[in-house]
1. Can you tell me which residues in the range 152-210 are crowded, with 24+ Cβ neighbours inside 10 Å, of a type in the set (A, V, I, L, M) and at positive phi?
2. Quick test of your reading of the structure: Tyr53 fulfils all but one of (1) away from the ligand (no atom under 16 Å from the Cβ); (2) surrounded by 18 or more Cβ atoms within 10 Å (Cβ to Cβ); (3) of a type outside the set (A, V, I, L, M); (4) in contact (Cβ under 8 Å) with a residue 60 or more places away in the chain. Name the failing condition by number.
3. Among residues belonging to the range 224-236 that are out of contact with any strand residue (DSSP E or B) (no Cβ under 6 Å at 6 or more places or on another chain) and more than 17 Å from Gly261 (Cα to Cα), point out the one that is nearest to the ligand (Cβ to nearest atom).
4. Among the numbered criteria (1) farther than 19 Å from Ala289 by Cβ; (2) within 16 Å of the ligand (Cβ to nearest atom); (3) buried (at least 21 other Cβ atoms within 10 Å of the Cβ), which one does Ala221 miss?
5. For the range 490-515, which residues satisfy the criterion of being crowded, with 16+ Cβ neighbours inside 10 Å and under 25 Å from Lys477 (Cα atoms)?
6. Can you find a residue in the range 104-120 that is within 16 Å of the ligand (Cβ to nearest atom), out of contact with any helix residue (DSSP H, G or I) (no Cβ under 9 Å at 6 or more places or on another chain) and not in a loop (DSSP other than H, G, I, E, B)?
7. Looking at the range 279-286, can you tell me whether even one residue there is touching a residue at least 60 places away in the same chain (Cβ under 8 Å), crowded, with 24+ Cβ neighbours inside 10 Å and either touching a Leu at 6+ places or on another chain (Cβ under 6 Å) or not β-branched (Val, Ile, Thr) (or both)?
8. Only one of these is more than 16 Å from the ligand (Cβ to nearest atom) and surrounded by fewer than 21 Cβ atoms within 10 Å (Cβ to Cβ): Leu253, Leu257. Name it.
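What follows is calculated from the coordinates using simple rules that are stated; it is not laboratory data. If you're wondering where the values come from, they're calculated on a predicted model, not measured in any experiment. For neighbour counting, all protein chains shown are included, and Cβ atoms are generated from backbone atoms with ideal geometry for every residue, glycine included.
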Amino acid sequence: MKEKEIIELLNKMTLDEKIGQMVQIVGDIFLMDDINISTGPLKDLELPDEMLYNVGSILNVMGAQKVKKIQDKYLSKSRLKIPLLFMDDIINGYKIAFPIPIAQGCSWNVEVIKKIAEISAMESNISGANVNFSPMVDLSRDARWGRVMESIEGEDSYLGQVYAEAIVKAYQGKDVSKLGHLVSCVKHVAAYGAAEAGRDYNTVDMSEREFRQYYLPPYKAAIEAGAEMIMTSFNILNGIPATINKWLIDELLRKELNFKGVVISDYGAIEETIAHGASKDERQAALNAINAGVDIDMMSKVYANYLKELCQEDKEVENRVNKSVLRILKLKNKLGLFENPYGNTDEEKEKKYIMNKQNLKEAKKLTQETFVLLKNKNKILPLTKNSKIALIGPYADNNGITGSWSMFSDRTKNHTILDILKKRIDTKNLLYAKGTEILREKDINRILSAEGLPIINIEDEQEKEKYLLKEAIEIAKKSEIIVLAIGEHYKQSGEACSRSNISLPENQINLINELYKLNKPIVMILFNGRPLQLNNVEDKLDGILEVWFPGTTGAEAIIEVLFGDVNPSGKLTMSFPQNSGQCPIYYNHYNTGRPHVTDFRYVSRYQDIATESFYPFGYGLSYCNFKYKNLKLDKNKMKENDIIYVTVEVENQSDYEGYEVIQMYIQDLYGSVVRPVKELKGFKKEYFKPYETKKIEFKIDIEMLKFWNECLEYKAEEGEFKVYIGGNSVNTLEETFELY
Ligand code: BGC
């Protein structure tokens with residue numbers, strides 16, 4: 001459709017039809033044969049009767065057949081035949097579940113991130129998705145927050161920018177209407193990851209400088225990469241819920257960042273502004289949201305019920321509604337839906353493309369890059385084929401390894417570690433026992449309390465736990481090495497999954513303690529959605545392989561890494577704290593006036609735990625042994641337009657081939673406002689042959705030295721800087737230079 005025709009269409013629409021475009025509901029309603037608004041599922045939503053066949057979009061319905069059926073039914077009843085938009089949460093893949101986003105980020109490989117986005121976009125696009133609520137680029141410094149599992153960048157803003165751009169471009173392509181592409185909805189704007197105390201949906205209050213310096217850039221990068229949609233966040237930002245924050249949406253996003261696309265609220269969030277105490281009632285919530293600039297109300301009833309009277313009372317509100325509807329129609333037009341309301345939905349292609357062999361093969365390789373080797377004492381890994389293995393733990397024979405957002409993927413298609421190991425080694429060398437459950441029933445009940453699980457008999461459970469433990473000890477005694485597959489329940493991370501204690505579950509710690517007494521080497525494969533407290537078990541383990549929730553091909557990927565077919569190369573994007581008392585903890589913190597460097601008592605430290613993280617940002621081992629040397633700058637002074645070339649030699653001192661992530665950090669030693677102890681400014685993932693040495697080059701330019709100064713201008717200041725290069729954020733070589 002031409003722009004002129006869209007305007008003509010807008011002019012033909014009644015106010016009810018316009019408001020309908022601004023309402024999003026769950027789509028299953030349209031699959032019911034008899035839709036009864038007064039008694040059916042729509043009753044809770046309290047939608048006016050005339051609204052149903054006016055709504056502009058629906059969420060989380062997938063499958064070509066279903067999507068076509070809904071679109072047909074809708075269009076047959078819609079007066080102006082404006083097609084529905086189908087929006088979905090394809091967070092870590094559609095049918096092929098990929099590693100959860102935090103894991104993907106640990107690949108430090110933009111090609112990996114891109115490829116995952118491409119396959120996910122293709123699979124979901126042919127199955128009906130027009131819009132994907134991804135990427136989530138909420139900077140996350142607090143491991144207590146359950147949604148760190150969805151954070152592609154973890155605690156680093158620079159990684160967030162690089163990844164955001166790659167994902168948005170992969171989803172949308174050059175023409176978003178083309179096969180395999182969909183609209184990227186970047187979320188959750190803004191600073192959702194900074195929820196106080198890591199408790200989901202909680203208060204965010206931060207200086208504008210901090211916001212602009214760290215939290216805003218990943219969203220900004222997504223907008224600059226062309227993201228067509230933005231989702232607002234549940235939290236308040238400096239006193240005002242993001243959903244009705246006029247400064248945030250109208251001033252910052254639309255005027256300053258020139259965002260032209262559609263803004264959607266998060267689920268029910270407009271109505272929630274009443275609970276926040278920022279709107280008096282539903283009517284005011286609707287007014288606040290439309291005035292702030294929200295185009296689509298996701299799953300609350302306030303736009304549907306109040307926008308009409310607000311428009312009738314105030315021309316300005318009607319103007320805003322017209323602008324919002326125009327943006328929504330334009331988006332539908334970009335997707336080509338007026339010409340073809342099914343988009344690229346295609347049952348034949350579904351059969352051919354979804355879960356196809358080639359993609360599964362690719363998925364395994366991509367997954368392997370996301371694993372982080374945290375410990376490898378006495379080179380316990382890779383495993384040798386002939387040792388007798390006791391495979392123990394609740395994740396050893398468990399296919400539920402795709403994380404809490406992979407609702408479209410069929411876990412029965414996944415293999416378990418046990419399945420794959422049986423094929424890999426002689427079965428007389430393999431012993432298996434579950435050892436314990438992931439969680440005790442009382443803990444599961446607490447997590448899932450809203451889902452009303454029956455309470456079980458505690459005594460029965462204690463007996464069962466004892467039995468499982470005994471079984472595990474028996475097989476462990478007969479083995480040469482224990483491979484322990486344990487971790488968090490997949491429902492312990494994700495939305496509304498904040499935890500104050502981020503330790504492994506008590507019953508699993510108990511299992512580790514008992515196995516440790518046998519004096520056999522133990523390798524732990526760790527499944528989890530957030531950095532965990534490991535200081536209470538680490539000394540009992542010889543190897544630790546962090547695999548997060550690795551997805552459909554996880555088991556295959558793990559076994560190949562354990563046996564050394566593939567060398568692990570992931571690096572952490574979030575610091576692992578000593579315990580949750582350290583949270584939020586992040587590598588690019590400021591110094592205090594009393595840094596913890598001496599034995600002096602009155603310094604910034606804890607009395608009971610170390611000051612530094614347990615595993616730092618950027619950390620991750622390899623079967624190779626990399627040595628860094630000869631850090632050199634081509635000059636030590638630069639002016640505004642100069643570039644400093646930095647080189648470092650990296651040597652692989654081992655028989656293994658593998659990848660290393662070489663990281664460059666910069667520190668501005670003093671400024672009009674204080675600057676962090678170091679900040680990531682560049683990285684390269686390089687492949688090394690056995691004993692190969694490579695000279696790696698980075699450039700330093702003025703852009704890398706800029707920050708939001710005391711007058712809130714984005715500028716660099718003259719003075720001294722340090723550059724650090726290494727394989728993580730702590731063990732680095734360093735040099736100095738000056739900007740003059
Ligand atoms: C989440 C969003 C998600 C939306 C739609 C909300 O609860 O916060 O991230 O996209 O639901 O499912």
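1. Ala191
2. With (1) away from the ligand (no atom under 16 Å from the Cβ); (2) surrounded by 18 or more Cβ atoms within 10 Å (Cβ to Cβ); (3) of a type outside the set (A, V, I, L, M); (4) in contact (Cβ under 8 Å) with a residue 60 or more places away in the chain applied to Tyr53, the lone miss is (4).
3. Phe234
4. The number of the failed condition is (2).
5. If the condition is that a residue be crowded, with 16+ Cβ neighbours inside 10 Å and under 25 Å from Lys477 (Cα atoms), then Leu504, Pro505, Asn507, Gln508, Ile509, Leu511, Ile512, Glu514, Leu515 are the ones that fit.
6. no
7. Taking the range 279-286 as the starting set, the residues that turn out to be touching a residue at least 60 places away in the same chain (Cβ under 8 Å) are none.
No, because not a single residue in the range 279-286 is touching a residue at least 60 places away in the same chain (Cβ under 8 Å), crowded, with 24+ Cβ neighbours inside 10 Å and either touching a Leu at 6+ places or on another chain (Cβ under 6 Å) or not β-branched (Val, Ile, Thr) (or both).
8. Only one candidate qualifies: Leu257.
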